[in-house]
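Visitor: Have a look at this one before I ask anything.
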Amino acid sequence: PATATGTILGTMHYMAPEQVEGREVDTRSDIWALGAVLYEMATGKRPFDGASAASVIGGILKDTPPAISTRQPLSPSALDHLVERCLAKDADDRWQDAGDVKRELTWIAKGATALVPVGARPRNLWLERAAWITAAVVLIALFFVLRPASAPTMEDVVRLSILPPDKTLFTSQSATTVGAPQLAVSPDGRAIVFAAAAPGARPTLWFRSLNAVTAQPLPGTEGAESPFWSPDHRWIGYFADGKLKKMPASGGHSQAIANVPDNRGASWGPDDTILFSRGTTGVLRVSSSGGMVTPVTELDASRQEGSHRFPQFLPDGRHFLFTVRSSLADQAGVYAGSLDGKTKKLLIRANTTALYAPSGHVLFLDGDTLMGQEFDAERLELKGQAFVVEGGVGRSSTGYGSYSVSGTGTLAYAGALSTLGPLTWFDRGGTPSESIGSLGDYTDFRLSPDQTRLAASLADPKTGFPDIWITDLTRRSSAPFTFGPSVNAAPVWAPDGARIIFRTTRAGGMTEFYAKSAGGGGTEEPVLSATMARASGVLSTNVTLWDWSPD
């Protein structure tokens with residue numbers, strides 16, 4: 001009698017919606033229970049809990065539990081996707097068998113969210129418009145008690161938030177697949193400059209003094225990206241229209257310093273030297289007044305280095321931090337360098353911006369978690385263990401981290417610019433029908449020639465790296481097609497639907513094209529390798545795929 005039709009039977013906290021309602025159950029109900037167990041294992045909390053059976057049932061039927069990553073910031077974001085799909089209210093939207101879950105877990109365990117080389121892609125107006133949908137909030141934390149040789153305490157910390165100006169939103173660098181807001185706090189910690197724009201307009205720089213209630217636009221900075229300050233906080237440097245520029249922080253005319261067609265960050269030293277990167281070169285230097293551009297670091301082909309980027313001066317003005325992109329995981333990371341080119345020392349295996357804090361720490365990103373570690377700037381050595389400073393910090397697919405620190409210890413940071421939603425069918429009249437796949441930040445997608453399959457690039461919100469997923473539109477099932485560890489995006493189907501070509505930045509951040517069977521099996525074959533691209537003169541971080549002709 002206990003198992004009669006319509007009778008609720010099971011352990012309440014792990015029962016699927018159809019189970020608590022006494023409806024027909026199948027193996028997908030077990031997928032729900034597995035998801036609940038995985039959630040509890042990862043967070044130490046049940047996804048649905050309450051003081052009574054009725055409240056638990058109500059949660060199961062109506063509520064969505066917080067993402068695992070919000071309770072465990074260091075967990076891989078791919079686990080969020082896996083468990084959320086296990087716990088879909090509609091059984092048709094869940095993983096359809098345990099084998100799918102096993103394959104996903106195996107993929108995550110193999111390092112789906114590892115810190116690895118990534119690159120960029122050219123400006124895409126559709127993506128820029130999509131970025132307007134979500135605005136990030138810049139947060140400022142004043143660390144008055146951040147002492148050297150210790151992790152920061154939270155005593156006497158003052159926080160405030162800065163929203164984008166009215167009718168504008170924060171903007172990211174144009175040549176990136178997954179964007180992040182661009183900002184820089186002044187060396188004296190009294191002001192912040194950031195890039196923002198109205199929908200459809202070019203971004204401009206905005207200046208906000210922390211003792212003012214509004215931000216002011218800086219005329220003449222249209223198209224501005226990657227702002228940075230001079231050490232005396234009198235000038236603001238930035239990139240626009242393929243040039244490195246500067247303008248007075250108090251306003252005035254911009255002055256061009258050097259040609260930089262593809263910027264990857266800059267830093268202004270105490271002797272008016274500016275270090276910067278073009279994305280496919282080593283670190284370069286130029287006087288802030290203009291003049292000859294000279295190399296400071298050189299790419300090491302034996303280490304398969306693709307670029308050196310995000311230089312940041314250290315206090316002595318002779319050494320700096322910079323990020324090396326390489327297709328060899330053990331060569332990529334944050335290095336210390338010197339203006340004389342004699343120093344190149346690996347510090348951290350992290351492919352993102354690294355900054356020096358005046359408390360004697362280096363700050364860097366691990367996924368979307370901002371970490372700190374004690375640093376001896378004279379010996380160029382790390383000490384002790386890394387510690388968490390803040391979670392939810394944005395990072396773009398170029399590796400740019402949305403955070404900045406002043407010479408007084410003021411930290412500014414922002415969340416990622418992502419557009420979360422499902423892919424939805426619309427008829428010719430504009431009426432939506434069914435949605436495909438789970439919520440996510442889809443950077444691009446392409447239907448197969450026979451329209452039975454969909455290839456879509458889904459961004460990982462923690463790392464900023466997209467991977468391609470293939471959805472069978474008939475069976476309503478999805479599976480990963482690429483597995484990192486870099487940007488894998490822009491799929492293009494062969495005319496017969498048998499293969500897919502996609503762009504990847506596994507070669508130290510340089511864009512390559514690879515082909516693979518659309519069924520997901522077999523090996524990946526280079527169509528345009530870094531070697532081929534170099535020989536033909538198209539080696540770049542900004543080339544992308546468009547189409548594949550019938551012949």
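The values are calculated or read from the model by the stated rules, or taken from the named source; none is laboratory data. The structure presented is a predicted model; accordingly, all values stated were derived computationally and were not measured. All Cβ positions, even for glycine, are placed from backbone atoms using ideal geometry, and neighbour counts span all protein chains on display. We work out accessible area using only protein heavy atoms, side chains counted, and drop any ligands, DNA or RNA first. Shrake-Rupley method; radii C 1.70, N 1.55, O 1.52, S 1.80 Å.
Visitor: Which distance in nm do the two modelled labels at THR70 and GLN255 give, with both placed 7 Å along the Cα-to-Cβ direction?
Guide: Reported label-point gap for THR70 and GLN255 is 4.9 nm.
Visitor: Also, I was wondering about something else. Run the numbers for ASP97 and ARG534: contour at 0.36 nm per residue of separation, minus the present Cα-Cα distance, in nm. Intermediate results must be reported in sequence, preceding the final value.
Guide: Values: separation 437, 0.36 × 437 = 157.32 nm, distance 4.54 nm.
Length gained, ASP97 through ARG534: 152.8 nm.
Visitor: So for each of 358-370, 171-183, 464-476 I average, over its residues, the number of other beta carbons within 10 Å; can you give me the resulting order with the highest mean first?
Guide: Details: 358-370: 23.1, 171-183: 26.8, 464-476: 20.1.
The most tightly packed comes first, giving 171-183, 358-370, 464-476.
Visitor: Of the listed peptides 215-224, 100-109, what is their order by residue-averaged count of other C-beta atoms within 10 Å, with the highest listed first?
Guide: So the order, starting with the most tightly packed, is 215-224, 100-109.
Visitor: Then there is this: Roughly speaking, what is the centre-to-centre gap between region 16-86 and region 231-308 when only Cα atoms are used, to the nearest Å?
Guide: Using only Cα atoms, the two centres lie 49 Å from each other.
Visitor: Still on this structure, I have one more. If you find the alpha carbon centre of region 390-424 and of region 464-538, how far apart are they in angstrom?
Guide: 27 Å
Visitor: Using mean Cβ contacts within 10 Å as the protection proxy, how do 444-455, 265-276 order, highest first? Spell out each step's value before the answer.
Guide: Working: 444-455: 17.1, 265-276: 20.7.
In descending order of packing, they fall as 265-276, 444-455.
Visitor: Just from its helices, what would the mean residue ellipticity at 222 nm be for the chain, if runs of 4 or more DSSP H residues each count -39500 (n - 2.57) and the sum is divided by every residue, rounded to the nearest 500 deg cm²/dmol? Kindly include the intermediate steps, with their values, before the conclusion.
Guide: Values: 8 runs with 71 residues, N = 551.
After summing the helix terms and dividing by residue count, I get -3500 deg cm²/dmol.
Visitor: Next up: Tell me the carbon and sulfur percent of the accessible area for the chain, rounded to whole percent, probe radius 1.4 Å. Working shown, then result.
Guide: Details: 12910 of 24210 Å².
Carbon and sulfur: 53 percent of the exposed surface of the chain.
Visitor: Kindly give Rg over Rh for the chain, based on alpha-carbon atoms, with the Kirkwood expression for the hydrodynamic radius.
Guide: On the way: Rg = 24.7 Å, Rh = 24.8 Å.
Ratio of gyration radius to Kirkwood radius: 0.99.
Visitor: Given charges of +1 on the Cβ of Lys and Arg and -1 on the Cβ of Asp and Glu, with all other atoms neutral, how large is the dipole of region 356-467 about its Cα centre, in debye to the nearest 20? Before the final figure, lay out the partial values.
Guide: On the way: 7 positive and 14 negative charges, 36 e Å.
I would put it at about 180 debye.
Visitor: Note down the accessible area of SER289, probe 1.4 Å, to the nearest 10 Å².
Guide: SER289 has an accessible surface of roughly 100 Å² with all protein chains in place.
Visitor: In region 337-444, which trypsin sites (Lys or Arg not before Pro) are in a loop and have at most 16 other Cβ atoms within 10 Å, using DSSP for the loop call? Working shown, then result.
Guide: Details: sites: LYS342, LYS344, LYS345, ARG349, ARG379, LYS383, ARG395, ARG428; in loops: LYS342, ARG349, ARG379, ARG428.
Those satisfying the criteria are LYS342, ARG349, ARG379, ARG428.
Visitor: Which lysines have a Cα less than 21 Å from the Cα of LYS102, not counting those fewer than 8 places away in the same chain?
Guide: LYS89, LYS110
Visitor: If Lys and Arg each add +1 and Asp and Glu each add -1, what is the summed charge of the other residues whose beta carbon sits under 13 Å from the beta carbon of THR221?
Guide: Values: positive: ARG202, LYS243, LYS245, LYS246; negative: GLU222, GLU225, ASP241.
Net charge around THR221: +1.
Visitor: While we're looking at this one, here's another question. Taking the solvent-accessible surface of protein heavy atoms with a 1.4 Å probe, what is the per residue accessible area of region 445-505 in Å²?
Guide: Details: 2120 Å² over 61 residues.
I get 35 Å² per residue for region 445-505.
Visitor: Another question, if that's okay. Taking every alpha carbon pair in region 212-342, what does the distance histogram look like in 10 angstrom bins from 0, in percent?
Guide: 13, 43, 30, 12, 2, 0
Visitor: Explain nothing, just the number: dipole magnitude of the chain about its Cα centre with +1 on each Lys and Arg Cβ and -1 on each Asp and Glu Cβ, in debye rounded to the nearest 20.
Guide: Numbers: 50 positive and 55 negative charges, 217 e Å.
Dipole size: approximately 1040 debye.
Visitor: So, one more: Considering only protein heavy atoms, with the full assembly of protein chains and a 1.4 angstrom probe, order MET41, MET532, MET247, MET12 by accessible area, largest first.
Guide: Numbers: MET41 145, MET532 85, MET247 0, MET12 50 Å².
So, going from the largest accessible area down, we get MET41, MET532, MET12, MET247.
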